[in-house]
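In what follows, a structure is listed as structure tokens, so that the remarks can point back to it.
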Amino acid sequence: MIHIADSTLIGDLGFIDKPDQTGTVEMGYEVLSADRQQGFAFEAAKALVYICLYSARTQENYRSISRQSCCLDSHSEKIRNATNW
């Protein structure tokens, strides 16, 4: 993730691998600690969910999104609930 205002790196996001045979893909993201609590993770997660939805309509490869439970915290749960992921 690049912060548009000053072109600095603030985090990383993406799909962990290609969808499996059931169409499930795992997504992950991380925001640098100095840039947390500003909505960047929410925007990143929302963008990844949109990519899955758009791809599902055109290629039907993505059917669901999973996450690693070891990486969840209260902020991750808020983002998950806000994006319906």
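Looking at (1) among the aliphatic types (A, V, I, L, M); (2) surrounded by fewer than 15 Cβ atoms within 10 Å (Cβ to Cβ); (3) under 12 Å from Ser66 (Cα atoms), which one does Ile2 not meet, given that it meets all the others?
(3)
So which residues in the stretch 5-28 are of a type in the set (Ser, Thr, Tyr), touching a residue at least 24 places away in the same chain (Cβ under 8 Å) and either surrounded by 12 or more Cβ atoms within 10 Å (Cβ to Cβ) or more than 23 Å from Ile65 (Cα to Cα) (or both)?
Listed by number, the list holds a single entry, Thr24.
Name the single residue, out of those in the stretch 3-31 being modelled with pLDDT of 90 or more and touching a strand residue (DSSP E or B) at 6+ places or on another chain (Cβ under 8 Å), that is nearest to Arg63 (Cα to Cα).
The residue in question is Gly11.
The values are calculated or read from the model by the stated rules, or taken from the named source; none is laboratory data. Treat the numbers as computed from the prediction; the structure is a model and nothing was measured. Backbone-built Cβ (ideal geometry, glycine too); neighbour counts: all protein chains shown.
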